[in-house]
Every structure is written in C-alpha cells, then in structure tokens.
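Here's the structure, in structure tokens; my notes come after.
Throughout, read-outs are computed from the coordinates displayed, never taken from laboratory work. Note that the structure is a prediction, hence the values are computed from the model and not measured. No Cβ is skipped: glycine too gets one built from the backbone with ideal geometry, and neighbour counts run over all protein chains shown.
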Amino acid sequence: MAIAVTSAAAVPDDDDTPRTIVTRVSRADALFRAILRIGGLSSFAFTGLILVFLMYRSLPAFGADGLTFFTKQSWNFVNNEFGIGGVLPLTIIIGAIASIFAIPVAIATALFISEYAPGPIRRVLIAVIDLMAAIPSIVYGLWGRYWFMPRAIGTMGWLSHNSRWFPPFRLAIQPSASAFVGSSAIAGLVVCLMVIPIITSLSREVFSQAPQGEREAAYALGSTRWGMIRAVVIPFGKGGVIGACMLGIGRALGETIAVLLIVNSIYTFNPHVLQEGSESIAALIAGDWSSASHIQLSALMASGLVLFALTLVVNSFAALVINRSRSGAATAE
Amino acid sequence: MTTTGPATERQRSDSARSDGAVDERAAARPGSADHGVSDVPVQSDVSVQSDVPLQSDVPLQIRRVTAEDVLTVAGAAVGALCLTWVLFERVLPLSGAFGFWLCWYLAFVVLYLAAAGLQWNRRVVSDKTVAVLVSTGGIFASAVVADQLGYSFVKGLPAIAHLNFWTTTAAAVAALTPLNKGGVLHATVGSLEILALASLASVPLGITAALFLTEIGGRMERPVRMIVNAMTALPSVVAGLLIYSLAILALGLPESGFAASLAIAIIMLPTVIRASEVVLRVVPGTLREAAFALGASQWRTVWQVILPTARSGLTTAVVLAMALGIGETAPVLLADGFSNVMNADPFHGWQATLPTLIFTYVEAEGRAEFIARAFGASLALMLVVLVLFTIARVVGGGRPGELSRRQIRKLSREAANS
C-alpha cells in the first residue's frame, strides 16, 4: 500500500498538532477493495432479493385471500382458498418440541466436550458432532421414518394413555397403532437430533473460551468442578449459548425434508402432538410444489415469505444476543 | 504413584467435601477428619497426616476417576437395565426401543443418585452426578450417529451388494424390477455436478466476503457479519423459492441442475464466509505488516501472503460447506426435476441427485426393493459426506502458518539437499 506522508508545513512549529497521514490507494488496490466490498455486501443483496421476489410472487395469493391467509386453515386448490392458519402453529409446535429436547442435551454435550472429556475422547466427540451436523437431512428423515417411528409408537401410545391430564397428549381419535404415526412429536424429536449438533458446537466454542484465570480462581476457592462450571463457565457462556439456541430454533423451524418424510400432511391445526397429522411450512412448500398451479404456487411463495420472516427475526435476534454478550464478543473477534 | 499421590487425592476430596464426608483413611486419623469446612487450607491436612514438609507445588488433580466412581456408574447402569427389563417385559404394558431406553435412562439417574448419596455428601454427589449426566450427552450423540450409519447399512446392504447399483442408471427400473438391475449412477453424477457448480459460484464469493470482513471491515463489518450469521440458518427451501422465482420465472432459465446449483450455492455461501473468516482472522498480523513494509500493494499481500498462509484452513472451510451442500434436497426439488436416466448436462433437462432419488423412492411408498435402493443411495450420500469430511480433517486442523509434520519433513529434506 502506498503511504504518502504530508507533513503539515504551513503549521507554525510551536503548534503541536499531529501530522496528517494520507493513504493513497493505487488503482489496482482500489479495484481490489471494490471487489471485496461487493463480495461483502452480496449477502445483503441475497437477503434483499429473497424478500423482494417472494413478496412480488406472493401478491396473487394475498390478493385472493387477503389477510385471512394467516388465519384460514385450508389448502383448497379448487376454490383457491389458501391459508396457513393451521400450518404456522404446527411449525412452531414442531420447533418447540425439537428445542425442548435439543437444548438440554446439546448444552450437556457441549459441557462434556469442553470441561470433562479427556484429550482423545474430546477430539473424537468433536468429530462426531461435526459429522452429525453434516449428515444430510434426508438421511435423518429416512432414519426417522423407518427406524425411529416404529420404535417410538409404543411409548407415544403409553404416554397418551397415561397422561390425559395434560391436554396436548390427549387424542381426538380412537387409539390404534396408526393413530400415532407421523405426529408432531415424532417429527419434533427427529428435528431435535438435527438441531443438537448446531447448538453443541457453538456452545462448546463459547464454553472453551471461559478465562483460565477465573477457572483457577474458582478451584483455588475450593470449588468442585461442577461448582466451577456453575460459577465461571456458565455465566461466561450464557449469552453465546442463548444465541446458539436461537440459531438452533431457527434451523428447526426451517427444517424441510426430514419433516416431510415423517409427518402425515394436514392443513388444519392439530393441537394433539401425539396424534397423527402434522405439517411445517417448509415441508408444505416442498411437498405441494410439484402439483402446484398458478395461485397455489403464489400461496406457497407467500408461506415461504412467512417462514423467511420468522427465521430472519429469530436469527437476527440470536446474532444480537451473541454480539452483546461477553462470550459472544470474544468469539466474534 | 509417588508418595504424594494419596495426599493429592485427599486434598481434592477434602476440599470437595464438608463435614459429613469421611473416607476410610481420614476416619483412621481423627485429627484430620473433623475439620470439614471446605475452605480450610488443604495443606494443613497434608502436614497433619504425614510429616513431609509442606509442598507448595503438589498438583491439584481435578480430573481423576477412581474405582468407586466407575463402579457406581456401572452398578447403576446394570441395575437400571435389569429394572427396566422387568418393567417392560413383565410388569407394564409397554413396548418400543425408544421407551425402553428412555426408562432405562431415568432409572439409571435415580439409581445413580441413590448409590452416590450413600457414599458421598451433597456437594460431591452433585458434582459427580453432573459429570455423569453430561457425559451421557456425548454418548447419546455418538450412539445416534452410529445407529444411523449402521441402520442405513443394514437396510441398504441388499442394494449395494449388487455391483450394478453403482455402475448403472435407473433407466430400466420399473415397479417389479429386482435389485440386480438398475442403480444410482445417474443420481451420483447429478449430485457431484451440481455440487461442483455450486462450489464454483459460492467459494470465490464466500472467500471474497470473508476477506472483506477481515481486510477491509469498517462501518459495514458488523451488519455484514450479522446478516451472514442470520443467513446460516436460512431455510433451504427458501433459497429454492428465490431461485425458482428469480432464475426460472423471471430470467427464463430452464428447470435444470444448474438452477439447483444456484440455490445450493446460496445455502453454502454463509458457511463458506463464516468458516473462512475464522481462518483468515488468525493469520498473524505481522505477516501482513511485513508484506506492506516490503512495499506490496494490498491485493498482492492478500494474494501472495494471506491466502497461501490460510490455504489449509480455507480448504477445510470449503470442504465442510460442500459436505453441507451435497445433502440438500428441498432446493433441488424446487429448481430441478427428477429423472431416471443419465443426464450429464446440468444446463438442459432434469437431473436426478442422490437426495431427490431417495425422496422419490420413499414417497412412492413402493416395494421393499425401492426402500432398499433408497437406503443404498443414502449410504452413497453418506459415503460422499464422509470422504469430504475426512479430506477436511486431513487437510485442515493446523492453524494458518503452522506446518504439518509432512510439510516439516519435506522442508528439512529440501534444506538438507541444498
């Protein structure tokens, strides 16, 4: 980089102003910096393009259904009556079930990797978690449909039989083996497995950055290992872990193909999480795509827009939490 | 173990226990047993029980597993297994592996708490219980991965055992075709071509964006990083929707492998940016300054110093993003179609990929042959992911500028020769 120093000659000697340093950028560098800037700002462009195009394409659906698109529980392509009033809450239910189970397991695993596991086990486990994150979601779907679902049905039946005091566990239909196939609960549990590695690897990074000095201080005060973790590691990592959980929830909301393979698709709201019949917005889009006509295509675009807005809000909130926290600031540097 | 060994052990336990907890050795020496407040200096304990002078540099061993720890865990595990078996098979009307292991785990925790409560005091119990609970998280994750690999292998074995599965296409596959005819070659070719095109688009753009974050930064750095983080969890189906409405509806591109690769590029982009940024950020600033001091322009510094220094890490970043990209199904469903025949041209006509093949075969809810083919294809997919993953592990690992053992050997050989 060419640096030209212009000493401030006009200024009298007794004045103690610092000289001004002017960096003259060569033409090649200017071009280079411009290219880098364009690359950096391209992510804005993609986000903007998604918003603009999805909005534009979803206009016909909003034109046909208006705001009832958010409340109507139907997907009727004969009368062009489309609404995600049933699917949107089901998406959130699946995401909630996934997070309820994923967050404790993921945080425990992250703590184990960063605080407990001895060297070789730690390296193996980090690889296992990375691999778990890299396994394609279609494989999770296949595994969930053919391995997990048959093995989980018995427990779901027992749960619905013995937990009638808890309204979501009740059934609206006669209990039978097929009454528990493709429920929100099973989809949520499989999505939970896909979310675990995301939360784990982010939390592990945060935990492992808890300052060594503070750890030793806790030990020096007579703390047990759990006491040290509770007093040092968890407070330090709280912000980063919350951010990681939010990112995981965002991922759970947008999960497509695994949910599509597992659930029995419905378009109306089903509050009985153990009972067959569920859907998520992403699965709705992928599942109805091939058969979609003009207005239905537009309705799918509109649901995609809703999903995008939902995940964008969750993820941006996560990014904010991470940036504000002590551990997040440390990881961002 | 040296003479200080037992003392160290006792330091740990004494500092960890309060008055109630007395182990046998301490009980034999009344003088040392009755102080129990955890903040009593542990060194005094050492001097009481043995006349060795105070040793200030005795290491405190935090991570130490004793025989009692192991036996308690094992006992609780076996006890819980037996109890759950009795409950499941004899007493309660329960069935299913999921419920079995759930009950086993609950019983295990209860039994462990009971067994630990009999031996240790509350602080130690909570410490050890957390250790056990937390480690089951790691075991659980490993079990899930192993089960997925194993189950796919068992179910896919009938299909992959036939050589034709790997070398032929599904052109001749009909509803009743046995497994010794037809394969997934066309889908593998499609997957790899789409992945290559997606990487061609996303890797240069991603590394450019990462360089923007590390080399230029400024006012826009924070918002760009935030939006990249938010894009990491962009639902893949939304990326597919964008490409469909932008490239196919607006620009008139045909539904093809190329369109799918654009969608996958968008999904890979944030991963490439984030992983490369981490690598570029740890390139030592002194290297950069040295290049500037020698009069290099900024782009020469980046091109000849920073990128080569970070090469191994960047490769890892790219390969991990590729492992993510190859498994994407939804965008391919939206922007591409499915085909049973070989189509090596990603720009025209529909191309099958391994994920869409699995999806199509499963959705058809066909006969066992198709399920076996789907599992075989998922094995092929995981094989690709594993290969990419291994490459990432072998190439990466070291920090930028740090040499691997092989590189050091090569350099020393060159030095010896010259």
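Based on the alpha-carbon gyration tensor of segment B:92-158, what equivalent-ellipsoid semi-axes (square roots of 5 times the eigenvalues) come out, in whole Å, largest first?
Three semi-axes, in Å: 32, 16, 6.
Any chance you could check the Cα centroid distance between segment B:197-219 and segment A:208-228 for me, in angstrom?
About 39 Å separates the Cα centre of segment B:197-219 from the one of segment A:208-228.
Roughly speaking, what is the centre-to-centre gap between segment B:236-282 and segment B:306-373 when only Cα atoms are used, to the nearest Å?
Spelled out, the Cα-based centre of one part sits 13 Å from the other.
Shielding by partners for A:287-294, please: the mean number of other protein chain Cβ atoms within 10 Å of each residue's Cβ.
Counting Cβ atoms of other protein chains within 10 Å of each residue's Cβ and averaging gives 2.
Pairs of alpha-carbon atoms within less than 8 angstrom and 6+ residues apart define the contacts here; what relative contact order does chain A have, in percent?
Reported relative contact order: 24 percent.
On the principal axes of its Cα set, how long, how wide and how thick is the protein assembly as shown? Give whole Å, largest value first.
Here the spans come out as 96, 89, 60 Å, largest first.
Is there a simple number for the mean count of other chain Cβ atoms within 10 Å of the Cβ of residues in B:317-326, and what is it?
Other-chain Cβ atoms within 10 Å of each residue's Cβ, averaged: 2.
Before rounding to the nearest 500, sum -39500 (n - 2.57) across all DSSP H runs of length at least 4 in chain A and divide by the residue total; then give [θ] at 222 nm in deg cm²/dmol.
Dividing the helical sum by the residues of chain A leaves -21000 deg cm²/dmol.
Under a 5 Å amide H to amide H cut-off, with H placed in plane at 1.01 Å, what residues pair with A:GLU81 once short-range neighbours are removed?
A:ASN76
In segment B:272-320, which chymotrypsin sites (Phe, Trp or Tyr not before Pro) fall in coil by DSSP and have 16 or fewer other Cβ atoms within 10 Å?
none
Rounded if a/c is under 1.5, else prolate if a/b is larger than b/c, else oblate: which is segment B:216-255, with a ≥ b ≥ c the root eigenvalues of its Cα gyration tensor?
It is oblate, given that a/c is not under 1.5 and a/b is not larger than b/c.
For a protection proxy built on the mean count of beta-carbon atoms within 10 angstrom, sort A:168-174, B:309-315, B:376-382 highest first, please.
The packing order, highest mean first, is B:376-382, B:309-315, A:168-174.
Each residue of segment B:271-288 in turn: what ³J(HN,Hα) in whole Hz from Karplus with 6.51, -1.76, 1.60 and θ = phi - 60°, glycine and Pro shown as x?
Coupling constants for segment B:271-288: 5, 4, 4, 5, 5, 5, 4, 4, 6, 5, 5, 8, 5, x, x, 5, 4, 4 Hz.
Let me confirm one metric for peptide A:142-150, namely the mean number of other chain beta-carbon atoms within 10 Å of its residues' beta-carbons.
For this peptide, the per-residue mean of nearby foreign Cβ atoms is 6.
Give me a comma-separated list of calculated 3J(HN,Hα) values for segment A:135-151, in order, Karplus coefficients 6.51, -1.76, 1.60 applied at θ = phi - 60°, integers in Hz, x for any Gly or Pro.
Each residue's phi maps through the Karplus curve to give 5, x, 5, 5, 5, 4, x, 4, 5, x, 6, 9, 9, 6, 4, x, 7 Hz.
Give me the net charge for the shell around B:LEU334: Cβ to Cβ below 13 angstrom, other residues only, Lys and Arg +1, Asp and Glu -1.
Result for the neighbourhood of B:LEU334: -3.
List the residues, sorted by chain then number, that are 5 or more residues from B:LEU234 or on another chain and whose placed amide H is less than 5 Å from its amide H.
Placed amide hydrogens put nothing under 5 Å from B:LEU234.
If the reach is capped at under 21 angstrom between alpha carbons, list the lysines near B:LYS181, excluding any in the same chain fewer than eight residues apart.
Reachable lysines: B:LYS155.
At a Cα cut-off below 28 Å, give the lysines reachable from B:LYS128, other chains included and same-chain residues fewer than 8 away excluded.
A:LYS238
Only loop residues by DSSP count here, and only those with at most 11 other Cβ atoms within 10 Å; note down the GluC sites (Glu not before Pro) in segment A:183-243 that meet that.
Listed in order of number, the matching sites amount to none.
When you count, for each residue, the other Cβ atoms within 10 Å and take the mean per peptide, how do B:234-243, B:82-91 rank with the highest first?
B:234-243, B:82-91
Could you order peptides A:265-272, A:110-117 by the average number of other Cβ atoms within 10 Å of their residues, highest first?
Ranking the peptides A:265-272, A:110-117 by packing returns A:110-117, A:265-272.
Distance between Cα centroids, segment A:79-99 to segment A:16-42: provide it in whole Å.
After rounding, the separation between the Cα centres reads 49 Å.
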